[in-house]
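For reference, the structure is listed below as structure tokens.
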Amino acid sequence: MARSKPVPSTVLVTGGAGFIGSHACVELLDHGYEVIVVDDYSNSTPQVFARVERLAGRFVGAVYELDLRDRQALSAVFDRHPIDAVMHFAALKSVTASTRQPVEYYDANVGGTTALLHAMQNHGVHRLVFSSSCSIYGDAGSGPLDESTPAGPTNPYASSKRLCEEILADVCRHRPEYTVLCLRYFNPAGAHPSGLLGEEPRGTPDNLMPYLAQVAVGRRERLRVFGGDYPTRDGTAVRDYLHVMDTVEAHRVALDHFGDSAGMRVYNLGLGIGSSVLEVVNAFSRACGRPIPYEIAPRRPGDVAELVADASAVNRAWGWRPTRDLADMCRDAWHFQRLNPNGFARPA
Ligand code: NAD
Ligand code: WQD
């Protein structure tokens, strides 16, 4: 029997070629949504869509290569498609690069978001799921952080995400027709269990898990562990890693909850379990069956000692919780890397 169309039924996915966006496309297609994508491929490749469609057994409705800040091109996308809701993943995401290029980060992340809001406003689209980040909490101290933790971003990337949150909150405060679900991800990691989709950033990975995977597959010599002198159980920084499949499942569940109430709602997405860098290295070594060479290096500017979520609010609100653990993330990230030692360039 044909599945009845979900409401909302057509979702615009910005940054849909990227790590989380590409997994979100599969999740949405699997659940009967029409998917329209915009991406400028600044950190991704269009080759990913053949894999998205192979996994979903369906076509993406349309894919547009454009920079969100190209307002005319973005407006034309809204003209052409009956968009019900937007998942806004498109952004620059490197903490390190943001300290070198703060202007570019504010322009892309804040300017990209206001350009999107303009297009939504002009086309009567008022439902948005926004990709925020645990980095907005900054150096908030140890212990699980809930959504009431005061923001204290420590780098331009995190500040740009916090500014977007403030803009979205203001829009919702003054325009009651908007509903924004702001999801503060802790550290998404892992890959699609098929090995067809995963994290394949352009250039040298900034994030821990793709870097580890590239060391394991022989593309890089060793991991540099940034900081061995943090006040943590083994001196390395502690983060809350969340499987990308859980991350995108939460986004799909979010679409069922726009109608709960208007305005902006903010939820942490995390497992609520902290893992140190060395614990992740060990878990990855177990997954790939070989030791990962590493050296302790100086701390990375802008990093903090510990970020762990109290992610109970999303469970109370939507009855949703993540189901995959760090071992699952390492297994799936390794499976993807092993099948795609050179990324998406060659067929899996
Ligand atoms: P990603 O870099 O893999 O994906 C982002 C996508 O957006 C890329 O395909 C890129 O080409 C595209 N893009 C960037 N700027 C654009 C622009 N101006 N116009 C059109 N497309 C543009 O990153 P990701 O890991 O998938 O992250 C997705 C979102 O989640 C980002 O907003 C990021 O800040 C946020 N986030 C990610 C993490 C994480 O650890 N991956 C954690 C917290 C928040
Ligand atoms: C994790 C830990 C590093 C690489 C940031 C944002 C977050 C999210 C993900 C954007 C840290 C250490 C890393 C390496 C290492 N945002 N590390 N050697 O910095 O926790 O989070 O990126 O997309 O919102 O704040 O993630 O994966 O870069 O680092 O030792 O080569 O691994 O110092 O402690 P981070 P990460």
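Every number here is computed from the coordinates shown, using simple stated rules; none is lab data. Everything quoted here is computed from the prediction, not taken from an experiment. Backbone-built Cβ (ideal geometry, glycine too); neighbour counts: all protein chains shown.
Here segment 10-343 is assigned +1 on the Cβ of each Lys and Arg and -1 on the Cβ of each Asp and Glu. Its dipole about the Cα centre then comes out at about 560 debye. Annotation: extensible slack from residue 65 through residue 295 equals 78.8 nm (criterion: 0.36 nm per residue apart, minus Cα-Cα distance). Between residue 207 and residue 9, the contour length at 0.36 nm per residue exceeds the Cα-Cα span by 68.0 nm. Think of it as helices only: each DSSP H run of n ≥ 4 in the chain is worth -39500 (n - 2.57), and spread over all residues that comes to -10500 deg cm²/dmol at 222 nm. The length gained by stretching the chain between residue 321 and residue 256 to full extension, at 0.36 nm per residue less their Cα-Cα distance, is 21.9 nm. Note on the chain: dipole from Cβ charges, positive end direction compared against 24, 150, 172; the farthest Cα belongs to 24.
Relative contact order of segment 10-343: 20 percent, from C-alpha pairs under 8 Å at least 6 residues apart in sequence. Both numbers refer to the Cα atoms of segment 1-107; Rg and Dmax are 14.6, 54 Å.
If one computes the Cα centroid of segment 127-190 and of segment 248-281, what distance in Å separates the two points? If you average the Cα positions of each part, the centres end up 11 Å apart.
Between residue 169 and residue 76, the simple label model (points 7 Å from Cα in the Cβ direction) yields a spacing of 3.7 nm.
Taken over the Cα atoms of segment 10-343, the convex hull encloses 118 Å³ per residue. Loop-located trypsin sites (Lys or Arg not before Pro) across segment 214-322 with a Cβ neighbour count of 12 or fewer within 10 Å are 222, 233, with loop assigned by DSSP.
Checking every one of the chymotrypsin sites (Phe, Trp or Tyr not before Pro) in segment 21-87 against DSSP loop status and a limit of 13 other Cβ atoms within 10 Å picks out 59.
Between the helical axis of 326-339 and the longest alpha-carbon principal axis of the chain there is an angle of about 90 degrees.
Measuring how big segment 175-289 is from its alpha-carbon positions, Rg and Dmax come out at 17.3, 54 Å. Helix 244-255 and the longest principal axis of the C-alpha atoms of the chain enclose an angle of approximately 20°. Listing 264, 87 from fewest to most neighbouring C-beta atoms within 10 Å gives 264, 87. One equal scatterer on each Cα of segment 126-246, no solvent, Debye formula: the resulting log10 I(q)/I(0) at q = 0.12, 0.20, 0.21, 0.22 Å⁻¹ is -0.60, -1.29, -1.34, -1.38. If you line up the long axis of helix 112-122 against the longest principal axis of the chain, both from Cα atoms, how many degrees apart are they, to the nearest 10? Approximately 20 degrees, to the nearest 10. Within the listed set 295, 65, 104, the Gaussian network model of the chain (springs between alpha-carbon atoms below 10 Å) gives the highest mean-square fluctuation for 295.
Choose one answer from 105, 294, 157: the residue with the largest mean-square fluctuation in a GNM of the chain with alpha-carbon springs under 10 Å. Comparing 105, 294, 157 in a Gaussian network model of the chain, the most mobile one is 294.
Of the residues 292, 135, 125, the one whose Cα sits farthest towards the positive end of the charge dipole of segment 10-343 is 292 (charges of +1 on Lys and Arg Cβ, -1 on Asp and Glu Cβ, taken about the Cα centre). I want to make sure I understand the PRE zone here: with the label point 7 angstrom from the Cα of residue 220 toward its beta carbon, which residues in segment 240-275 have backbone N atoms less than 20 Å away? From segment 240-275, the list is 240-244, 275.
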